[in-house]
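See below for the structure under consideration.
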Amino acid sequence: KYTAFKTDRLSFHPKRPWILASLHNGVIQLWDYRMCTLIDKFDEHDGPVRGIDFHKQQPLFVSGGDDYKIKVWNYKLRRCLFTLLGHLDYIRTTFFHHDYPWILSASDDQTIRIWNWQSRTCGFFEGAIAAKGKAGQMAADMDVDAPGGEGWGEDAELQLDEDGFMDAQDGLGEEGGATKEEGGGWEVEEDLDLPPELELPAGAGGGAEDGFFVPPTKGMSPTQLWCNNSQLPVDHVLAGSFETAMRLLHDQVGVVQFGPYKQLFMQTLSRGRTCYLGLPSLPCLRGNPQRNWKDCGAKQGLPAVGLRLSDLIARLQQCYQLTTAGRFEEAVERFRTILLSVPLLVVDNKQEIAEAQQLITICREYIVGLTMETERKKLPKDTLDQQKRLCEMAAYFTHCSLQPVHMVLVLRTALNLFFKLKNFKTAASFARRLLELGPKPEVAQQTRKILAACEKTLTDAHQLNYDPHNPFDLCAASYTPLYRGRPVEKCPLSGACYCPPYKGQVCRVTQVTEIGKDVIGLRVSPLQFR
């Protein structure tokens, strides 16, 4: 099975056909890999889970992640049994010892820890201290007041006087000797009455009965929350998670070449950060603005997107101006940038979703038409077949959906070429279409003259691969018509059509997507996930 989030670790069950997958969004999934079904999922980690391991005999598994926590789970009870704390940085791996009741963990805090999962303690000495509740005590109880047994004999006990000296006769085992009285030079009161407010609470002295110090855990960053809360590629780009953003673009619109997206990713990321000066001579403070800041709460935030649909529509006007000026190559690059930017939008309603789709269609029509016209101008025109090919491509260009001002120019080009080739019937149809667009008076006058000349001989001198009465799609690679009923492969992002042999290649329009790839579809709004 395939998930939109990165899988960090896998662990196979020792007996059953099960596999555990720890994901980058903090979720642990339990799969049956024979049936390809999801059995259960466990979600208590605050951040990516990087360590996962099944126990060999017990119905347990252990996990560790970027929240500095080690969790022991019972998959039969479907819950976390307990959490082990102690690491000070990201936990990279966790696994059970194959013989002893131990859990071994390694962390970015440069420590490897051995935990006893039965006593829930780390290391031998910490476990002994926590179990006995006494500081500085070893494995055996040492009661200095307890007398030795008979097996030790009388020599095991040494009788000293009050001053710490032994009488010579006592040392030889003979009775006798005088007892000295205690002097009155020291008058130290051992029992001193203190006010009750000075009494220390139990455990305030930092004894070992409280266990070892547990540092506070690091909270989840806003960028990680953005990735968890959204399936839109732009939100993952704004969070700096380029890998998951590329995975979403691959699944949704079939992107396979991410080189052209590098600059767009960096521009998008820079729009999602703010910097402001806190105090002089100190580094700037950075913020993460959110678009739903009014009602997002603590963990439902989403990043503010600096690019809007209206911005792309404004750029479209610049592309129209370049097309009118005849700067085709520059216009194609601008149109392609707009097209690739559409999957990085976030819109709020169904009308804007439709406008985003329409924007993609406009860019596709112009890119296909202008690219074909650029290639046509590079072709030779010495032989009759070459001239026929030039006329065919000019005729195909008239079927691209362009603005009226540009369609006038396209029809004038096709009209002139077909009139020179003596295909008067087709030339007359171009002349009628041109007059319907309402061109300038001088252009209209010249077109009427050509139309009058064509109507005298409504025949085509040469047969071309062009039927204006039969609807067709234009192959964006070979620039040949794909008439209705023929198999067609399409680009999943732009919708450009291709002949079947081009399936699996990179789209000529977008230059990033795979032709004919099966995808989820463009997603630019949370409404599309409901």
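The values are calculated or read from the model by the stated rules, or taken from the named source; none is laboratory data. Keep in mind that this is a model prediction, so the values were computed, not measured. FYI the Cβ positions are ideal-geometry reconstructions off the backbone, even for glycines, and counts take in every protein chain you see. Keep in mind that these areas ignore ligands, DNA and RNA; they rest on the heavy atoms of the full protein, side chains included. Shrake-Rupley method; radii C 1.70, N 1.55, O 1.52, S 1.80 Å.
Quick notes on this one:
- Subset of the stretch 103-126 (residues that are part of a loop (DSSP other than H, G, I, E, B) and either open to solvent by 50 Å² or more (accessible area, probe 1.4 Å) or on the phi > 0 side of the Ramachandran plot (or both)): 108, 110, 118, 119, 120, 123
- Boolean, residue 39 is in contact (Cβ under 8 Å) with a residue 12 or more places away in the chain, open to solvent by 60 Å² or more (accessible area, probe 1.4 Å) and farther than 20 Å from residue 70 by Cβ: yes
- Test set (1) assigned to a strand (DSSP E or B); (2) surrounded by 15 or more Cβ atoms within 10 Å (Cβ to Cβ) - residue 67 fails condition number: (1)
- Test: residue in the stretch 33-43 that is modelled with pLDDT of 90 or more and of a type in the set (S, T, N, Q): no
- Condition met for residue 100 (among the hydroxyl-bearing types (Ser, Thr, Tyr), open to solvent by 60 Å² or more (accessible area, probe 1.4 Å) and free of Cβ contacts under 8 Å to residues at least 40 places away in the same chain): yes
- Condition met for residue 357 (assigned to a helix (DSSP H, G or I), open to solvent by 60 Å² or more (accessible area, probe 1.4 Å) and closer than 28 Å to residue 260 by Cα): yes
- Pick from the stretch 252-284, criterion of a type in the set (Ser, Thr, Tyr) and more than 15 Å from residue 233 (Cβ to Cβ), ranking: nearest to the chain's Cα centre (by Cα): 270
- Scan of the stretch 374-387 for residues that are surrounded by fewer than 17 Cβ atoms within 10 Å (Cβ to Cβ) and either part of a helix (DSSP H, G or I) or not charged (D, E, K, R) (or both), ordered by number: 374, 375, 377, 378, 379, 380, 383, 384, 385, 386
- If you go through the stretch 471-502 and keep only what is within 15 Å of residue 395 (Cα to Cα) and outside any strand (DSSP E or B), you end up with 471, 476, 478, 479, 480.
- The single condition among (1) in a helix (DSSP H, G or I); (2) touching a Ser or Thr at 6+ places or on another chain (Cβ under 7 Å); (3) within 30 Å of residue 231 (Cβ to Cβ) that residue 394 does not satisfy is (3).
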